[in-house]
Each structure stands twice: as C-alpha cells, then as structure tokens.
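The values are calculated or read from the model by the stated rules, or taken from the named source; none is laboratory data. Just so you know, these numbers come straight off a predicted model, no measurement behind them. Heads up, the Cβs are rebuilt from the backbone with ideal geometry, glycines too, and the neighbour counts pull from every protein chain shown. With ligands, DNA and RNA removed, areas are computed over all heavy atoms of the protein, side chains included. Shrake-Rupley method; radii C 1.70, N 1.55, O 1.52, S 1.80 Å.
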Amino acid sequence: MMRFISCASYYGSGSSAITDFVSEFDSVYSFTDEEFRFVQDPDGVSDLEYNLVENFNRHNSGHAIKRYKKLVDFYCGNMFGKKYEKFFHGNWKKYSDEYIDELTDFTYHGWWQYDLMDKGDFFYFRKRILNKILKMTIWKNQPERTLNTMKNELTYCAHPNEEKFLSCTKKYIENLFGSVCQGANTVMVDQIVPPTNLKRYLRYFNDIKVFVVDRDPRDIFVLEKYVWQDGVIPNNVEDFCKWFKYTRAHRKTESFDDKRVYFIQFEDMVYKYDETAKKIATWLGLEQNEQTKKKQYFDPSRSINNTYTWKKIKCNPAEIEYIENELGEYLYNFPGN
C-alpha cells in the first residue's frame, strides 16, 4: 500500500516549504513542486464521483466521463509542454484510460445536446438550421425526426456504487504514482487535494497525510502586488481582504481535527525551524537521520527574506493597516513584534 504526503494551500501561502522539506528525506519519493490537481480540479475525480455515483442520470454521467477524458488529454500536454506525461513516463494516459474503462458499464454510438455544444457554435447551429430545413421540406410529415450528424459519437454509460468508485480510484492513483516512484512506499505529491472539504477527498486514498499551509496575509498581498504581479489574486487591498476571507471561510465550519491533516503556518518553518521540523518528522513517521539533504531544498535562512516584506519593500502603509484591521485573526505573531 502506497503512502501519500501532500500539501493543500490557498495560493502564495508557502506550501513549497513543506514539499521541499519532506523532499530532503531519503525514504520519500518527491514530485517536487509540480501540482497534480486532477483529483480536485473541475471535471476531475471528485466531479466524476458526483455525476456517476451521487447524481447519476443518463446524460450527465456519460458526459462527465467525456469531460474527464478531456482533462486527461489536457494534462498529457503537447509539443510545447509534456505536463503529466513527463512525470509518469508515458503512463498518465494509459492508466487514466484503464480507470475510465473500469468505471464504464458499456458504451454505444449515440449523442445528446452537450455533445453538439462541445463541437462549437458553428457545428451546433449548422445542425439546427439543416434540421429545420429538412423538417420544412422532405421531413414535413415526420416532426419527430432529427438529423443525425454525429453517427460516430460514443456515449458512455457508468453508474458504479460508492464502494466500487472509491476502489477504482485508489487503484488508479496508486498505479499512476507507483509506476514511477522507484519502489518507494512514501510519495510527496503537491496539491493533489484542496484545503476545503477534505473529508471528501481523503476517501480517494488508502493512506495519506495532508498539510494545510497558510501564511500572513500581509506578505501574500505585498508579494503579489510588488513582486509576483501575476494577476491570479486581487492586488486592490479591499478586494484582497474579501478574497482572503472568502478562501478561508471553510475554516469557520470545517475543522482540521482529522489525524491525517496537519495545519501549519509557513512562518513557523522559518522562525521555529528546529521545533517545527521535529514535529513534522514525528507526525509523518520519518527518522531525522534520513534527512540526508537537510536544508538543501528548504533553507529558512533564505526563506526569511520572503517574510515581513512590508518592512522591506516600499509599499503603502495604509494598505498594510487596512489588512491588519480586516484580517487580524490571520496575522502571524512575528518574533520581536
């Protein structure tokens, strides 16, 4: 049975500190900072379960499989970038196809409206127009007849129960990572589950431990606005505070009391390294003498430069004050404060 370690974060919260730290242990096969999101992404494994098991019907279940196959093809990559295939040495699509086959009861040649829509607006409206012309002329006395322009379209029929779905999913994930982990029993995989609704996602693994990583909002805001500038999150301070509360709102109703989940502040890895490293290793069952590459991947003396950034980068003090007022419960108590 394979053992997984993963990080779940909120964007820019420093989860790479954990992936880098764990990667320093010889007994762990690490996939570095590459994010493997196919379990949690839209149209991913979780959505597949919802449509096949929880909300089965004759249309959305088959189409959910097609959407998953499309996601698989996207993550295969192309000539400009190989994405998952380069990590799984060509096994990503192979095991994904086997997974779909195992979940599928049968297939037949058939289509419905969403198959038309997936072909694009031109294909969809061309078919509708041709159908109307035919009904006004040679099919005038056959009002129920419809032009079939998708004779080769395949419809998937799948309705596994929860037990079968979870069994197939666990097998699929272990086959994927087991094919490349060089015999290691413990695998570090980044972002394979989200920090939200974790009880749902933990069911897809026989053995997994998850770090939920967060960071002082002042640093995230300053780094995004003045350093990263990639536009993924708001850099307007009012919108940023709304976004920060929005993405952490689940913590008001969800707890991290599951023994498989460990909540950690990024700053503790920097300012309390020895204490935090010992706690993490103990929780994961890793021997500290296995950390033969100590501080080669995560070095707190380097990462400290990415903390307290509002004191190091010229920024608007009013914005920092606004964050402190709005997000006081999320602020880190830095040493010397």
Over segment 38-62, the set of residues open to solvent by less than 30 Å² (accessible area, probe 1.4 Å) and at pLDDT 95 or above is Phe38, Val39, Asp41, Gly44, Val45, Ser46, Leu48, Glu49, Asn51, Leu52
The residue from Glu321, Glu254 that alone is charged (D, E, K, R) and part of a helix (DSSP H, G or I) is Glu321
Given the conditions (1) within 27 Å of Val222 (Cα to Cα); (2) surrounded by fewer than 22 Cβ atoms within 10 Å (Cβ to Cβ), every one holds for Cys7 apart from (2)
Counting only residues in segment 66-92 that are closer than 17 Å to Asn175 by Cα and open to solvent by 70 Å² or more (accessible area, probe 1.4 Å), the one farthest from the chain's Cα centre (by Cα) is identified as His89
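One line per residue, one yes/no per condition, for (1) open to solvent by 80 Å² or more (accessible area, probe 1.4 Å); (2) modelled with pLDDT of 95 or more; (3) β-branched (Val, Ile, Thr):
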position: Leu284; (1), (2), (3): no, yes, no
position: Ile313; (1), (2), (3): no, no, yes
position: Ala318; (1), (2), (3): no, yes, no
position: Leu327; (1), (2), (3): no, yes, no
position: Asn333; (1), (2), (3): yes, no, no
position: Asn337; (1), (2), (3): yes, no, no
Within segment 105-146, of all residues that are open to solvent by less than 80 Å² (accessible area, probe 1.4 Å), of a type outside the set (D, E, K, R) and assigned to a helix (DSSP H, G or I), the one nearest to Gly62 (Cα to Cα) is Leu116
Expected single match for in contact (Cβ under 8 Å) with a residue 60 or more places away in the chain, open to solvent by 40 Å² or more (accessible area, probe 1.4 Å) and outside any helix (DSSP H, G or I) among Val189, Val227, Val232, Val210 is Val232
